[in-house]
Structures are given as structure tokens and as C-alpha cells.
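A.B. asks: For reference, the structure I am asking about is given below.
The values are calculated or read from the model by the stated rules, or taken from the named source; none is laboratory data. Source: prediction; values computed, not measured. Virtual Cβ from ideal backbone geometry, glycine too; neighbours counted across all protein chains shown. The area values use the complete protein model at the heavy-atom level, side chains included, leaving out ligands, DNA and RNA. Shrake-Rupley method; radii C 1.70, N 1.55, O 1.52, S 1.80 Å.
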Amino acid sequence: MATAASLRYLPSSSLGSRGPGGGVAVAVARGGLVRLSSSRRRGARSAAGVAAPSREAESAASLGDVTRVDFPILHQEFDGSKLVYFDNGATSQKPSCVMKTLDEYYRSYNSNVHRGIHVLSAKATDAYENARKKVANLVNAADSREIVFTRNATEAINLVAYSWGLSNLKQGDEIVLTVAEHHSAIVPWQFVSQKTGATLKYVGLTKEEVPDVEQLKGLLSNKTKIVVVHHVANVLGSMLPIEDIVTWSNKVGAKVLVDACQSVPHMPVNVQELGADFLVASSHKMCGPTGVGFLHGKLDLLSSMEPFLGGGEMIADVFQDKSTYAEPPSRFEAGTPAIGEAIGLGAAIDYLSQIGMQKIHEYEKELATYLYESLISVPNVRIYGPAPCQTDHRAPLCSFNVENVHPTDIAEILDLQHGVAIRSGHHCAQILHRTLGINASARASLHFYNTKEEVDVFVDALRSTIDFLTSEH
């Protein structure tokens, strides 16, 4: 991060463009320059009451209060301000049990898996394959062989794009996506489209700023070969009716790939009920380590697919001129896998399962509504995506902008002066931001270890930040 003594210029007419000067300066609404002192200035929190929904005293501690003791990183201060971590949409924090599991693996039984006959290898193999079973149980897969470990969800999508897409798509075929997809769900299919001649079709937004499922339904035809959609949108916070989309897609013979990175960590996900052909998620968003994710694929479909990468472990026999391939999931796990990370993911799943995914979901629904209603009470704040209601799920995240203030300035001052960590930028969703008519947004994203008290701190800090950025200096 650049020093707080440098300058940033922002024309008041533009939310997305960056003016001359660079650095970390901030800009006021009138387009002038503001210099921060080199020491991290902490703006005084607003003394006035926040015009937001009142939070009734709870007779028992919330889920956030109960669980945050398990997350050591949350218990720190920056220049006197307690850390408020609201960047969970980018990555979650890790409970002590996950770090202990990783440490135990590397201290006690670090070894390569599957081919060793010694005690360490056998123990590592058992733990690694047990982690696969834990993932399968979490998402209710019919068979643990349907779970393929990957580096992350991005690699899992690329696996499907290259292994299934290049073999099954041709000129005239169509791939249906929404404008709200993460770049990881778009760029691989652009590669496939360029190589095969298949066409990308995009679903737009409704006036409520959710992907238009009726338009999606209308785009489906016998030309449609695969539908690539999110379960929960990482910017809009909206949720798609995956079961309906699968039913409509099946009628025209199309496959469905679901990006579940923002749903698997926050709610029960049952792949057999959803019925999608492929589903992907990442460990690091669900309290597990970085460097590992997974693909769920229907076993008959995985068995029909060519390998994505070549090397050790994914083969049956290797001859001078050809090779035969192992059965899934080994076919798609070439080379030494992220053993410790997968075992750590298994520990994270144990932790989440002990709490209960439904309990997490119910708490986060309440937290999501409180965040939205508190944030919308701040003058000149524009939140993207649907308002929470009884019938439609909204994830515990809000992407927003403040009139005439750049979102990166907001994120920076929240961090420097208040110890509040949020994200700013396009959140790997440039197509969506262009559709919304903006270049960037700020995003506060919560998890079950966050609390309403932290939302109050965030909103109060945001008011102070807006005052700081829009006042005369």
C-alpha cells in the first residue's frame, strides 16, 4: 500500500477514472486535492445516532459472538481500532483448528499420497481421501469419486472448459452465461469459443438488478450446449434458481455448470437436488486454506471426459507412443496434489458441519438484512442488487457506491482511520459493472463470525469517512 502522505485526484464527474498524481491521496466531491498526514489519522466516529434499524438486545450471544473466539486473526487492533474484517467475499479467515491440522500434517506425517507403502504415506493418503469424502458429504454428492480436487474454483472451471468444452462444442453451438458472472466463469469459455467457433450468449439484468431468468429461459434452444451460471452473485448478492435452470436446460439437452463459490461457504448446498452437471467451489472462501478447490461432476460425465493435464497419478499405463488414463477423480489430478491444503479443507468442513450449515445460513440471512438496512440509511449510498425480502435470498454482502466519492478512497480511509477492511474495484466482474454503468464499487461482505455490532462500527465509520472525503480541508 502506498503511504498515506501521497495524493490521489478524482474528478467529481467520474466514479471510475483515476486522475493524475497517483499514490494514495484522496479526493473530495468538488474535485480538489486532500493530503493525509503520514501518521494514520483516525477520524472521530460520528457522535450522532445512526439512522438505521435498532438492534434489540439479545438474550444469548449471537453465532458471530460465539465463533469469533476461534479466529485468532480477528483479535487485533490497528492504531487503537479493532479490526473489522468485511472482505469475506474475497477470502474467509481460518479457525485455529484448520491451522492446527495443517501444522500437524507438516510436523507429523508429511508425505506424498497414493503410491507409498510406508506409514507416513498411508496416513497422508487416508487423510487426503478422507477430505474428499468430507467434501462429498458436505454437498451430498452421490459418490466421493465425483469430487475432483483442483487448485481453486478457477482451475475447476478451466478443467471443464478444456476437457469437456473443447471436445463437445463446435461452430454454431451456444454457451449461455449471465452478465453477473465472475471472470473465472467467463474467460475460459471465451478461450473455448475462440477455438471452437461456439457463440457466447449473455443474460442481462432485470430492473431489480438480478439476472433475468426469463430471458435466460428464452435464450435456451437446441443450439445451447452448456449454461454457466453462479449460484450466488459475488457483487449483487442475489441467488439464482438453479433447479429451474437445470430443468429448462435439460429440456434442450444442455449441460449446466454452477459457480458455487459464494454459496457453499454460507448455506446448505445439495448437488443431487440442484441437479447441475458440474459445480465448483474454493476452500479459501469456506474457512479452509488457499491453494485448493474442488469440482463436483456427475460420475458418468467425468468418466467420458479426457484429462485436463498430463503427468503422474492421472495415468493407468504409459507407453512410448500413448497412454491410458486412470478413472476419475485421479484422471484429473495430475502430479502431486495440494495434500496439506486438502486435509486442511477437510478440517474446515468439520468445523462448519459442527456449527451446521443451516444455522450459518439463518444467522447470515439476519446479518444480511441488518447490513443492507443499515447501509441504505447512509445518505447518498447506492447499493447494487435486490433488496432483501422474505421470498428472495440475499447474501450477506453489499456492493455500493457513494455519490461523487471513489470507492477506493472509501476503502482506504475505512482501513487507515477505522480499521475496517472492505474491498474496492470491479470484483472480477467488469461486464457487470459496465452493465450497471459504473467502473468500480466498494463491497462489504460478511461471514458467520461477524456481528451486528461490527456492522454498526462499519456504518458509523463510513459516515465519518464520507464526511472526511467530502468536506473542505
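A.B. asks: Could you please report the charge total around Lys94, scoring K, R as +1 and D, E as -1 over all other residues with beta-carbon less than 15 angstrom from its beta-carbon?
C.D. replies: Local net charge: -3.
A.B. asks: Given all pairs of different Cα atoms, what value in angstroms does the Kirkwood hydrodynamic radius of the stretch 96-354 take? All intermediate terms of the calculation are to be shown ahead of the outcome.
C.D. replies: Details: mean 1/r = 0.0528 Å⁻¹.
By the Kirkwood definition, the hydrodynamic radius is 18.9 Å.
A.B. asks: Residues with amide H under 5 Å of Asp277's amide H, sequence separation 5 or more or different chain, H placed in the peptide plane at 1.01 Å from N; which?
C.D. replies: For Asp277, whose amide H was placed from the backbone, the distant partners under 5 Å are Val256.
A.B. asks: Relative to the longest principal Cα axis of the chain, at what angle does helix 407-418 sit, 0 to 90 degrees, rounded to 10?
C.D. replies: Helix 407-418 sits at roughly 70 degrees to that axis.
A.B. asks: Taking a 23 Å limit on the Cα-Cα distance, which of the listed pairs Lys133/Lys298; Lys255/Lys359; Lys195/Lys255; Lys133/Lys285; Lys94/Lys134 fall beyond it?
C.D. replies: On the way: Lys133/Lys298 15 Å; Lys255/Lys359 32 Å; Lys195/Lys255 19 Å; Lys133/Lys285 19 Å; Lys94/Lys134 17 Å.
Flagged as over cut-off: Lys255/Lys359.
A.B. asks: Under 13 Å from the Cβ of Ser399, count the other residues' Cβ atoms, weight Lys and Arg +1, Asp and Glu -1, and hand me the total. Don't skip to the end; give the middle numbers.
C.D. replies: On the way: positive: Arg382, Arg394, Arg423, Arg443; negative: Asp87, Glu209.
Every neighbour counted, the sum reads +2.
A.B. asks: Working from Cα positions, state the angle (0 to 90°, nearest 10) between the long axis of helix 119-139 and the longest principal axis of the chain.
C.D. replies: Once rounded, one gets 70 degrees.
A.B. asks: Counting only DSSP beta bridges with both residues in the chain, what percent are antiparallel, rounded to the nearest 5?
C.D. replies: Working: 31 of 51 bridges.
The antiparallel fraction comes to roughly 60 percent.
A.B. asks: Now, a different point. Could you do me a favour and compute the accessible area per residue for the chain, 1.4 Å probe, result in Å²? Working shown, then result.
C.D. replies: Values: 19650 Å² over 473 residues.
On a per-residue basis, 42 Å².
A.B. asks: Now a separate question. Once amide H atoms are placed 1.01 Å from N in the peptide plane, what residues at a sequence separation of 5 or more from Lys201, or on another chain, have their amide H within under 5 Å of its amide H?
C.D. replies: The list, which skips near neighbours in sequence, is Ile175, Val176, Leu177.
A.B. asks: Next question, about the same structure. Would you indicate which of (i) 0.95; (ii) 1.57; (iii) 1.03 is the value of Cα Rg over 2.2 N^0.38 Å derived from the coordinates of this structure?
C.D. replies: The value matching this structure is (iii).
A.B. asks: Count charges around Pro386 for me, please; just the other residues with Cβ under 14 Å from its Cβ, Lys/Arg as +1, Asp/Glu as -1. Mind showing how you got there, number by number?
C.D. replies: Values: positive: Lys207, Lys365, Arg382, Arg394; negative: Glu208, Glu209, Asp212, Glu373, Asp392.
Overall, the nearby charge balance is -1.
A.B. asks: May I pose another question? Could you go through the stretch 141-157 in sequence order and give the Karplus-derived ³J(HN,Hα) for each residue, using 6.51 cos²θ - 1.76 cosθ + 1.60 with θ = phi - 60°, rounded to whole Hz, and x for Gly and Pro?
C.D. replies: These are the phi-based 3J(HN,Hα) values: 5, 5, 7, 5, 5, 7, 9, 10, 7, 10, 5, 5, 5, 4, 5, 4, 5 Hz.
A.B. asks: Rounded to the nearest Å, what's the spacing between the alpha carbon centres of the stretch 131-153 and the stretch 62-94? Just the number, please.
C.D. replies: Centre-to-centre distance over Cα atoms comes out at 28 Å.
A.B. asks: Please determine, in degrees from 0 to 90 and to the nearest 10, the orientation of helix 357-376 with respect to the longest principal axis defined by the Cα atoms of the chain, where the helix direction is its Cα long axis.
C.D. replies: 30
A.B. asks: Now a separate question. Expressed as a rounded percentage, what relative contact order does the stretch 287-398 have, with Cα pairs under 8 Å and six or more residues apart? Intermediate values should be presented prior to the final figure.
C.D. replies: Values: 98 pairs, mean separation 26.0, N = 112.
RCO, the stretch 287-398: 23 percent.
A.B. asks: Still on this structure: I need to check one value: relative contact order of the stretch 96-354, counting alpha carbon pairs closer than 8 Å and at least 6 residues apart, in percent. Can you show the working numbers first?
C.D. replies: Details: 500 pairs, mean separation 65.7, N = 259.
Relative contact order here is 25 percent.
A.B. asks: Using a ≥ b ≥ c from the Cα gyration tensor of the stretch 93-134 (square roots of the eigenvalues), is it rounded, prolate or oblate, where a/c under 1.5 gives rounded and otherwise the larger of a/b and b/c decides, a/b for prolate?
C.D. replies: On the way: a/c = 3.45, a/b = 1.62, b/c = 2.13.
Here the stretch 93-134 falls in the oblate category.
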